[in-house]
Amino acid sequence: MKHIRFYFLIVIIVAGTYLGYLLFIADTDAPDLTRYPVRQLKFFPKKVNMPEFNPLTKEGVLLGRHLFYDGRLSGSEDLDSLKSCATCHIQSKGFGSDIKVLAGKGYPCGFTKNGEGIFGKNLHVTLPLINLLYNSNGYFRNGFIREQNLYETDDLEIGFKYLESIVWISIVSEQVIDSNVKQMLEIIGSDQVYKSLFISAYGNEKITLKRIVLAISQFIRTITASDFKFYHFMEGSVVLSDSEQRGYELFYSERTGCFHCHAGSMTMTTNQYYNNGGDGELQGNCDRAAVTLNPGERGAYRAPSLINCALNAPYMHDGRYSTLEEVIDFYSENIYNSKLADPLLKGLNDGGIHLNKAEKKDLLDFLHTLTDYTMLSDLSYACPEALGRFGIRAR
Ligand code: HEC
Ligand code: HEC
């Protein structure tokens, strides 16, 4: 009798647990996700910019890579109307390009004191998508996308705060992909390839704009550029040529001051905002002042990372220079001294830092040690074969 009661109890416990388990799995679609390892790189900022609501998973990143390259993000299958992120963010150019877009059209690039949007009048050059994970000081050239923004919008409830917001803006904005979202969701939804990709990333095949945005954001957070000569020089595994070495010393000298704004970590930028003495007339209105409403920051923009700068022509937010030689000439002889120019700039009272010909060449050679050739052909960032003719491949 005692035994029977004991077994009965066991059966009840086992059955109860099993029932609970069944209820649990019925209630959640959460698939078994594989964590995507975040790379902690030597000399890079320790802090990574990854919101809790969208952690990196291998399944999410793979889905995001497909969507990033899929020309049908435009909402059309017509081969002439294909457009995707990869139209402007091109792998062989470090995920940048020379394409310009009217900044702050269709969506603001800042807010006035009364909370009204500031809309841009000027073209901005495409920003390369590298090391985004290691920037916690605002995205876009003026840093408008930042966590401090209180503004809430749309059903994504992510306002203008995260990379996710940029991905969403890029899909819908008429200046960028200008997607017909309803048609896009239908097209993506009828593709068998996506069925399994959505199931592994989200547990079911429900396709929504929000899920698309989250997955693309995951993919672009994985794009890392750290395999360049100067990085390996700092690690102690290679030496620089004589000219590169002289250029390196110039770059890190108080005479040129370059390192004050373009170093700090091996992402080769402080991600701070400066007026670098380029804009006498201050034509652009999507500058840092549009974000901070501080008139002292007119003409200030984020110091771009110099990693891959040899691939990122044209230069400056508006693409005013077409070669690195021109940029070096600018710092050497053409700095515009105004009250707004950042005091970290050297030679402000003298029109520039006045380098001779040999010094210019040395500095240029140093800038060329910042190119990461590996990422340009890294297959884990490349256009997936499965997209066939709908994949946007480098021109
Ligand atoms: C028509 C060209 C174009 C297309 C298509 C495009 N972008 Fe961009 N992207 C730009 C330009 C131009 C900027 C710089 C805007 C600025 O800062 O003023 C930019 C900036 C960004 C940034 C900010 C990077 C940083 O360092 O702050 C991210 C992230 C980004 N784009 C992601 C995407 C994604 C994801 C897609 C696809 C959904 C996409 N873009 C499609 C042109 C484009
Ligand atoms: C006070 C900060 C500051 C100093 C000092 C400085 N820069 Fe810059 N640099 C910037 C800013 C800000 C921009 C972007 C300006 C814009 O978008 O209009 C920039 C842009 C550039 C670009 C273009 C990058 C691109 O992708 O468009 C290069 C190259 C560059 N700087 C190299 C240098 C070199 C070399 C030196 C030293 C001679 C130097 N900088 C000194 C702040 C600075």
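The values are calculated or read from the model by the stated rules, or taken from the named source; none is laboratory data. Fair warning: this is a prediction, and the values are worked out from it, not measured in the lab. Ideal geometry is used to build each Cβ from the backbone, glycine not excepted, and the neighbour counts take in all protein chains shown.
Okay, here's what the table says:
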read-out: Some residue of region 167-174 being in a helix (DSSP H, G or I) and surrounded by fewer than 15 Cβ atoms within 10 Å (Cβ to Cβ); value: no
read-out: Boolean, N285 is within 14 Å of ligand 1 (Cβ to nearest atom) and surrounded by 20 or more Cβ atoms within 10 Å (Cβ to Cβ); value: no
read-out: Cross-chain or 6+ apart pairs with Cβ under 7 Å, region 302-322 first and within 7 Å of ligand 2 (Cβ to nearest atom), then part of a loop (DSSP other than H, G, I, E, B) and modelled with pLDDT under 95; value: M316/G278; H317/G284; D318/N122; D318/G284
read-out: Selection status of E244, in contact (Cβ under 8 Å) with a residue 24 or more places away in the chain and loosely packed, with under 15 Cβ neighbours inside 10 Å; value: no
read-out: Residue within region 341-364 that is touching a Pro at 6+ places or on another chain (Cβ under 8 Å) and in contact (Cβ under 8 Å) with a residue 12 or more places away in the chain present; value: no
read-out: Residue within region 147-161 that is touching a Leu at 6+ places or on another chain (Cβ under 7 Å) and charged (D, E, K, R) present; value: no
read-out: Filter result for the condition that a residue is modelled with pLDDT of 95 or more and away from ligand 2 (no atom under 13 Å from the Cβ), over K83, K121; value: K83
read-out: Matching residues in region 350-395 - criterion: being part of a loop (DSSP other than H, G, I, E, B) and surrounded by 14 or more Cβ atoms within 10 Å (Cβ to Cβ); value: G351, G352, I353, L355, T371, D372, D378, A382, C383, P384, I392, R393
read-out: Pair list, Cβ under 7 Å, 6 or more apart: region 78-91 residue more than 10 Å from ligand 1 (Cβ to nearest atom), other residue of a type in the set (D, E, K, R); value: L79/R389; L82/R72
